[in-house]
Amino acid sequence: MGTVVAASLIDGASQERPFPDLSAALLGRDDGLIELHYAYATDLIPASWSGEGMWRWRGLLPLADGPIRYPLPVGGTPLLASPSLRAVSGMPRLWLKDETRSPTGSNKDRATALVLEWALRHDIRTVTAASTGNVAVSLAVGAAAAGMDALIFVPATVNPDKLRLMLLAGAMVFAVEEGYEAAFRLSRQAARAYGWCDRNTGVNPLTLEAKKTVAFEIWEQLGRTMPDAVLAPVGDGATLSAMYKGFTELVACGVADRMPRIIGVQAEGCQPLKRAWEGRSPQLDRGTIADGIAVTTPSNAATVVRDVRRSAGGFVAVPDDAILHAICTLAAHSGILAEPAAAASYAGLEPALEAGLIERGERVVILITGSGLKTPRYLNPAGGAHQVRGTLDEVERVLRPAN
Ligand SMILES: *Cc1c(COP(=O)(O)O)cnc(C)c1O
């Protein structure tokens, strides 16, 4: 069990206060995101890799002892040293943290698992969240597997392939005409009005706690050392802030002595965090195919920018055509099928090199946050199949068209 020693409100006056019952925040009755602090010590770090996935990090999670009730496996995703991708990118010490191997194919499954574990332990049967797509799929599938009801608020423009998955899992889905921000407000209001468990990232501290475990795993999979830099696609910013917290906690536990630089990759058509980091005002959002990171008004922008700055990292933005190209490169060289938001982190390598945020020879990890199987419309190979009759001559004809 993680002994939480202090909880402070991130936004607002950062009041330290004795660790409260989390119920208020989780049932939508609190304002601002609570940040949890532990009595950091080396013995909170598990001694060796095992098959338990995310739950092995229980020493640094606000989770009481006892068996895990949440039924889907989560965490423990592979860290790939892809030789072919290293060759084409010219980065000999590049790794891919493959979060597409999560139960519903995105990094959202870590947060879903911890929130639903908490709900199961508190006999709460109904959960809600707003989502651009992947949270919704994750929550719908996770709730279905756990025997709970999910009520989900998405922008009306939600990717229809993802919508089908939520509905197949039996979630009740509200498609909100005014878009994601309105869906978020509505989901929070509904949680408060009806007493549902609120899984919204940006208000539920468990989401950050769960997502930080990806940092622990990266450190562990690199032989218990820190990378020089980590690149991750960023929308609302929880993934980045959680990684920052995770790496910070490794240092606080005394098992690492420096932080990696954290680099957030945004889509050019929606880059409020990059602009905030540069001290520029937000601009009108042109939109992007990368729905997972299409967040116009991030809920904790100041925190994300602060975390990135403290890590000595930065932000880059990539155009949609670079994202589409990155999907193809990842498919052809790494064995990972990525959705647009996830491929953005690979597309961000070149601009990050140009901006001097990373160097080619450094140990760089890119987070691949979501699977391309959920976004088939963006898988566009250059060529098609060769139509042949079943003889070797026909194969020969294709292989040597000149003969
Ligand atoms: C949610 C998501 C991200 C990152 O989002 P944050 O809101 O910044 O945590 C990145 N990629 C994919 C595929 C996602 O679903």
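See the values below:
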{"item": "Extreme residue, positive dipole direction of the chain, given options TYR346, ALA312, THR128 (C-beta unit charges)", "result": "TYR346"}
{"item": "Separation of the ASP228 and ARG306 label points, Cα + 7 Å toward Cβ, nm", "result": "2.9 nm"}
{"item": "GluC sites (Glu not before Pro) within region 116-225: DSSP coil, no more than 10 neighbouring Cβ in 10 Å", "result": "GLU177"}
{"item": "Cα-based Rg / Dmax (Å) for the chain", "result": "21.2, 81"}
{"item": "Two-decimal Rg/Rh across region 140-217, once Rg and the Kirkwood Rh are taken from alpha-carbon atoms", "result": "0.99"}
{"item": "Residue-averaged 222 nm ellipticity for the chain, from DSSP H runs of 4+ at -39500 (n - 2.57), nearest 500", "result": "-10500 deg cm²/dmol"}
{"item": "Cα-centre dipole for the chain with unit charges at Cβ (Lys and Arg positive, Asp and Glu negative), debye to 20", "result": "220 debye"}
{"item": "Within a Gaussian network of the chain (alpha carbon springs, distance under 10 Å), most fluctuating of PRO381, PRO78, PRO205", "result": "PRO381"}
{"item": "Of CYS197, GLY235, THR213, farthest towards positive along the dipole that unit charges on Lys, Arg, Asp, Glu beta carbons give region 183-237", "result": "CYS197"}
{"item": "Of ALA143, MET91, MET166, farthest towards positive along the dipole that unit charges on Lys, Arg, Asp, Glu beta carbons give region 80-173", "result": "MET91"}
{"item": "Cβ-based net charge around PHE153, under 10 Å, with every Lys or Arg adding one and every Asp or Glu removing one", "result": "+2"}
{"item": "Using alpha-carbon coordinates, inclination of helix 134-146 to the longest axis of the chain, degrees", "result": "70 degrees"}
{"item": "Binned Cα-Cα distances of region 241-333, short to long, each 5 Å bin given as a whole percent", "result": "3, 13, 20, 20, 16, 14, 10, 4, 1"}
{"item": "Spacing of the two label points (7 Å from each Cα toward its C-beta) at SER50 and VAL88, in nm", "result": "3.9 nm"}
{"item": "Extension gain, HIS122 back to GLU362 (0.36 nm per residue minus Cα-Cα distance, nm)", "result": "81.9 nm"}
{"item": "Total charge dipole magnitude, region 219-326, about the Cα centre, Cβ charges on Lys, Arg, Asp, Glu only, Debye to nearest 20", "result": "400 debye"}
{"item": "Stokes-Einstein D for region 284-403, Kirkwood Rh over Cα pairs, 37 °C, 0.692 mPa s (µm²/s)", "result": "191 µm²/s"}
{"item": "Estimated dipole of region 60-179 in Debye, rounded to 20 [Cβ of Lys and Arg +1, of Asp and Glu -1, Cα centre]", "result": "420 debye"}
{"item": "Hull-based mean projected area of region 326-388, where the convex hull spans the alpha carbons, in square nanometres", "result": "5.6 nm²"}
{"item": "Packing-based exposure ordering (other Cβ within 10 Å, fewest first) of ILE262, ILE218", "result": "ILE218, ILE262"}
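Quick note: the coordinates plus some simple rules give every number you see, no bench work behind them. In this text the structure is predicted, and so the values were computed from the model without any measurement. Here Cβ is always computed from backbone atoms with ideal geometry, including for glycine, and neighbour counts include all displayed protein chains.
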